[in-house]
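Here the structure is laid out as structure tokens; the discussion comes afterwards.
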Amino acid sequence: MRIFITITIALSQLLAGTILKAQTFTDIRAGLTGVAESSSGWINPDRDGDLDVFVAGEFFNNSIRNLQSFIYRNLRNNNFAAVNHNIPAFYRGDFGQADFNLDGINDLFVMGELSDGRRMAKIFNGNTSGGFTPSGQNFEGLRDGAVALADYDGDGDTDILITGEGINGPRTLLYQNERSSGFKLIQTEISAAHRGDVCWIDFNLDGRPDLIITGINEKGQAISLLYHNTTEGFIREEAGFIPLKNSAIACADVDNDGDQDVLIMGEMDNGKLVTRLYRNDRDKGFSPVQTPFVAIRSGFAHWADMEGDGDMDLLISGETTMGAISKVYRNDQRQGFTDIEASLMPLYMSDGEWGDYDLDGDLDILISGMATDYSFLTRIYRNDGVQQTTQAYAQTADEEPAEDIWNNQTIVPERRVPIYYFVYSSTYSDLLESGTKEYFTFISPIKKPKAAYEMEDVFNPLIRQTYPRWGLIDQGNIITNGYHTLEEAQTARRTVIEAYQAKNFQIIEVNW
């Protein structure tokens, strides 16, 4: 009798089936210029009610390297057109937008490296004609960092925090908005950092934005730190975050409990890649949550409710141990997160975000970076909504219900298998100290390392032996490619060399 009951239940559930949601995204082929080491996002300078595009970075035109900043106006019906502007070309930077001067029009704050190698940080005030006017305010120029905007002092205007590499090393700078008097640099105890990210978060719900910062500090160590914003200044709190460099942060109320949770991703000092979600338990601190997220460095993450079901979904992109990826994870709440296989272009050194460019009520995707074929891309993917399909599913009476991921603090160890690797890195610089900048690509032999990213520890010192200036100009964008077979690795390595030779780079073999 027991067997009969079990089979009857299974068959009835199998016949009933379950409804699966398939979110689909379509490349609208907007014709935007592709860039890498990029800053990209949605803006609305013409204030016409739809989202326009700002993108800046490095790209190639007929094998000639260029830096450029583009503003594309949304003409609707999936059409975008480049417009003239006076924001300088830059890369290795970031940008943010806010109404700094309280005139009702959003302004842009941009930072990064200019084409002549100078570092830049500047406000461009939005005007009534939809353009931007450079402000006279002076900020210290940085590269390889992040911009974070918030009213940290609660006086009703937006302040600016930036991290990055200055002339003399990593920096973290907080500028207080004093309105008509400009911005004032505030002295803080916040750690200096570059090759990382920053996120304002009111983790304790006291009404004051606190700060999370990741990257490389002045000692060359990876950090992931939480600072409590108090009336006495910023005080470091022990949060237990994994220290990460080449990192990104995304903060949002992922579990819908009224406080913001934290996702951080990047590279540990030992070379291991990590993507981890921490649940905000308020007075009890932060707890790691088990997720299926792929481990990534040198990319970005962004939370938003893509389909309007009331929870935060994740857009994520960057470099994994197996190459570039770009993914969307749907938040299914108690059932965890699902990779919806959105078919986005895998990208290295990427940036982007969610936004409803077509005003249809769901969120689309803007993304830019370098593809696996070494082409530079900027793409807009239209969210075409949910398609429902039925899948048969059987559950026996002895099966346990799915575990609530928000109550499971176990982190599943990442598994690694033997794999063939090679690494490479490119630069446009005066590497030979000849007074002229040139294009170079360094590439390693194919190896089968015993530990993750041990090849980088050999690669950089060997370059410095012959090219002492490498330590000054190394951009930290060493690309790691791994393959299951030697033949696959050899083919990929030849492809890299041919792609850079086609762009007039000098190829330098780094052998050991």
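Which whole number in µm²/s is D for the chain by Stokes-Einstein, with the Kirkwood Rh taken over Cα pairs at 10 °C and 1.306 mPa s?
65 µm²/s
Taking a 1.4 Å probe, which of Trp470, Trp200, Trp512 shows the most accessible area, and what order do the others take after it?
Of Trp470, Trp200, Trp512, the descending order of accessible area is Trp512, Trp200, Trp470.
Using only DSSP helix segments of four residues or longer, with each worth -39500 (n - 2.57), what per-residue ellipticity at 222 nm results for the chain after dividing by its residue count and rounding to 500?
Theoretical 222 nm ellipticity from helices: -3000 deg cm²/dmol.
Work out, step by step, the length gained on full extension between Gln333 and Asp430: first 0.36 nm times the residue separation, then minus their alpha carbon distance; give nm to one decimal.
The Gln333-Asp430 span can extend by a further 29.7 nm.
Any idea of the accessible area per residue across the range 204-288, 1.4 Å probe, to the nearest Å²?
41 Å²
Given the C-alpha centroids of the range 170-195 and the range 309-359, what is the distance between them in whole angstrom?
Cα centroid to Cα centroid, the span is 32 Å.
Please report, to one decimal in angstroms, the Kirkwood hydrodynamic radius of the range 221-269 built from all distinct Cα-Cα pairs.
12.2 Å is the Kirkwood radius here.
Taking R0 as 41 Å, what FRET efficiency do you get between Asp360 and Asp99 from their Cβ-Cβ distance, rounded to the nearest 0.05?
0.95
For the pairs Lys272/Lys327; Lys122/Lys272; Lys184/Lys284, flag any whose C-alpha to C-alpha distance is greater than 29 Å.
Lys122/Lys272; Lys184/Lys284
How do Glu140, Glu456 rank by accessible surface area computed with a 1.4 Å probe, from largest to smallest?
Highest to lowest solvent-accessible surface, that is Glu140, Glu456.
Keeping every protein chain in place, order Phe124, Phe60 by accessible area at 1.4 Å, biggest value first, i.e. largest first.
Phe60, Phe124
Using a 1.4 Å probe on the protein chains only, how many percent of the accessible area of the range 231-367 belongs to carbon and sulfur?
That share works out to 44 percent.
Using a 1.4 Å probe on the protein heavy atoms only, what accessible surface does Ser343 show? Give it in Å² to the nearest 10.
Only protein atoms counted, so the area is about 100 Å².
Would you kindly work out the equivalent ellipsoid of the range 166-319 from its C-alpha gyration tensor and give its semi-axes, the square roots of five times the eigenvalues, largest first in whole Å?
Its equivalent ellipsoid spans semi-axes of 25, 21, 15 Å.
The values are calculated or read from the model by the stated rules, or taken from the named source; none is laboratory data. The model shown is predicted, which means the values in this text are computed figures rather than measured ones. Note: ideal-geometry Cβ built from the backbone for every residue, glycine included; neighbour counts use all protein chains shown. Just the protein is used for accessible areas: all its heavy atoms, side chains included, with ligands, DNA and RNA removed. Shrake-Rupley method; radii C 1.70, N 1.55, O 1.52, S 1.80 Å.
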